[in-house]
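Novice: Here you go, one structure.
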Amino acid sequence: MTQEIFREEPYRTEAEATVQSCDAGGIVLDRTIFYPKGGGQAGDAGMIVRADGSTVAIADTVKAPSPLGRRHRHMRFHTATHLLCAIVPHQTNGCSITAQYARLDFDMVEPLEREHLERELARLVDEAHDVRTVWITDAELDAKPDLVRTMSVKPPRGLGRVRLLEIDGVDLQPCGGTHVANTREIGKLRVAKIEKKSARSRRVVLEFVE
Ligand SMILES: [Zn+2]
């Protein structure tokens, strides 16, 4: 957690601080006078002066997302793509999940309707379905052909056992990713884009309503 000097001393224009981390996402300080974007107020701009006197211009300030914050967004989006698979009864041929959006490509020629997708996603989120991991052996799969038939993606064979992701009453498919425990945790989604990627492919991009 960065110490927020600006809360106690909003007129302060200089402070010493230590760089905690620095990457393409930005610079994280242990203490700061920079106000981070929030509550309708823009983030501060300014300058960091290094120990050797050289300077780094700061164009904007945002709250550092916690590692779990970022991961939790991935988990929410990832689980949302399972819901989308359950709503759109076609095979997928591409998927990308970031902290900002989830993108899923469906192997299909029919048009998709934004209002329908948003309504169904909202319903499945509101219905608060439990999400759980189920391990199943090849022998169990062979004994339950109906199970495979209901899966939106066919499980790989010959590994001995397969990890399935089950969204209670909604979706069942092999998946090794990270998911939230209940669909309610996904929160409100919007369909940011529906694209005809090719003659046989439809792309859907989901974002959170924040
Ligand atoms: Zn998954």
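Novice: Examine the range 69-91 for a residue that is assigned to a strand (DSSP E or B), out of contact with any Phe, Trp or Tyr (no Cβ under 7 Å at 6 or more places or on another chain) and polar (S, T, N, Q), and state whether such a residue exists.
Specialist: No, the conditions are met nowhere in the range 69-91.
Novice: Regarding GLU166, is this residue at pLDDT below 90, more than 16 Å from ALA122 (Cα to Cα) and of a type in the set (D, E, K, R)?
Specialist: It is false that GLU166 is at pLDDT below 90, more than 16 Å from ALA122 (Cα to Cα) and of a type in the set (D, E, K, R).
Novice: Are there any pairs with C-beta distances below 6 angstrom linking a residue in the range 72-94 that is surrounded by 16 or more Cβ atoms within 10 Å (Cβ to Cβ) to a residue that is assigned to a helix (DSSP H, G or I), with the two at least 6 apart or on different chains, and if so which?
Specialist: Short answer, once both residue conditions are applied: ARG76/ILE186; THR79/ILE186; ALA80/ILE186; LEU83/LEU121; LEU83/LEU124; ILE87/GLU120.
Novice: Here's something else I'd like to know. Taking only the range 1-21 into account, find how many residues are hydrophobic (A, V, I, L, M, F, W, C) and either loosely packed, with under 10 Cβ neighbours inside 10 Å or under 19 Å from ALA99 (Cβ atoms) (or both).
Specialist: 1
Yes/no per residue for (1) open to solvent by less than 50 Å² (accessible area, probe 1.4 Å); (2) more than 16 Å from the ligand (Cβ to nearest atom):
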| site | (1), (2) |
| --- | --- |
| ARG123 | no, yes |
| ARG132 | no, no |
| THR137 | no, yes |
| GLU140 | no, yes |
| ARG202 | yes, yes |
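Novice: Still on this structure, I have one more. Return the only residue of ARG119, ARG103 being at pLDDT 90 or above, outside any loop (DSSP other than H, G, I, E, B), more than 28 Å from GLY160 (Cα to Cα) and open to solvent by 70 Å² or more (accessible area, probe 1.4 Å).
Specialist: Working: ARG103 fails: open to solvent by 70 Å² or more (accessible area, probe 1.4 Å).
Going through ARG119, ARG103 in turn, just one is at pLDDT 90 or above, outside any loop (DSSP other than H, G, I, E, B), more than 28 Å from GLY160 (Cα to Cα) and open to solvent by 70 Å² or more (accessible area, probe 1.4 Å): ARG119.
Conditions tested, residue by residue: (1) over 27 Å from the mean Cα position of the chain (by Cα); (2) open to solvent by 30 Å² or more (accessible area, probe 1.4 Å); (3) not charged (D, E, K, R).
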| site | (1), (2), (3) |
| --- | --- |
| LEU147 | yes, yes, yes |
| LYS154 | no, yes, no |
| LEU165 | no, no, yes |
| GLY169 | no, yes, yes |
| PRO174 | no, no, yes |
| LYS188 | no, yes, no |
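The values are calculated or read from the model by the stated rules, or taken from the named source; none is laboratory data. These numbers come from a predicted model, not from an experiment. Every residue, glycine among them, receives a Cβ derived from its backbone with ideal geometry; neighbour counts consider all protein chains shown. The area values use the complete protein model at the heavy-atom level, side chains included, leaving out ligands, DNA and RNA. Shrake-Rupley method; radii C 1.70, N 1.55, O 1.52, S 1.80 Å.
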